[in-house]
Amino acid sequence: MSIRNWIAFALILISLLCLYPGLVYPILSIDISAQLPIVGKLGLYESTQSIVQTIQNLFDNDNALVAFLILLFSVIVPVIKALILLVVLMSKNLKKRVQLFNFVHMIGKWSMADGFVVGVFLAFLATRSNENINAQVHEGFYYFLA
């Protein structure tokens, strides 16, 4: 393998190593409260979840379609892409390499669909937020981003 392929191999392994904590570490916390006279700040809702916990909660609450889509775009597509790219690097057959690489290129745009959803959601919270709504990203977000 050329030095370029070794670098690609290392980057694929690093991406897979970052994917696991990106899926299981907390990614986002949301805290919604109300400021009431006399009582003060009253917590209404607080949640900190990882992508895996979010998928499980969606399945548990009969939102199977949404859970499946997040599972597909956050877990399955990135793993499949990485594994196929490893096969491309190891394969000697040029025609097979080109076909697999074209397939990865085709599905590549779908692997960021969940990233856009998280981004839109955070933008929504930022524009609609006031002192009663607080959203914070955690280390899982940065691992998943990597």
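Using the 10 angstrom Cβ neighbour count as an exposure proxy, how do His105, His138 rank, fewest first? Kindly include the intermediate steps, with their values, before the conclusion.
On the way: His105 10, His138 15.
Listed from fewest to most nearby Cβ atoms, that is His105, His138.
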Can you list the residues of the stretch 1-31 with backbone N under 14 Å from a point 7 Å past the Cα of Ser47, pointing along Cα to Cβ?
27-31
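Which of Ile76, Ile30 comes first, and how do the rest follow, when ranked by fewest Cβ neighbours within 10 Å? Don't skip to the answer; put the middle values down first.
Working: Ile76 12, Ile30 15.
Final ranking by Cβ density, sparse to dense: Ile76, Ile30.
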For the pair Ile3 and Tyr142, the simple spin-label estimate (label points 7 Å beyond Cα toward Cβ) gives in nm 3.1
Quick check on the chain: helices-only [θ] at 222 nm, where DSSP H runs of length 4 and up contribute -39,500 (n - 2.57) each and the sum goes over total residues. Nearest 500, please.
-20000 deg cm²/dmol
In the chain, what is the count of Lys pairs whose alpha carbons are under 19 Å apart, counting only pairs at least 8 residues apart or on separate chains?
4
For Asp62, Asp31, what's the fewest-to-most ordering of other Cβ within 10 Å of each Cβ?
Asp62, Asp31
For helix 3-24, what angle does its Cα long axis make with the longest principal axis of the chain, in degrees from 0 to 90 and rounded to 10?
30
Report the residue, chosen from Val98, Val75, Val39, that carries the largest GNM mean-square fluctuation when the chain is represented by alpha-carbon nodes joined by springs under 10 Å.
Val39
Thinking of the stretch 3-145 as a set of Cα atoms, what percent of all their pairs are more than 19 Å apart?
62
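Coordinate-derived values only; no laboratory data. Keep in mind that this is a model prediction, so the values were computed, not measured. As a convention, Cβ positions derive from the backbone with ideal geometry for all residues, glycine included, and neighbour counts pool all protein chains shown.
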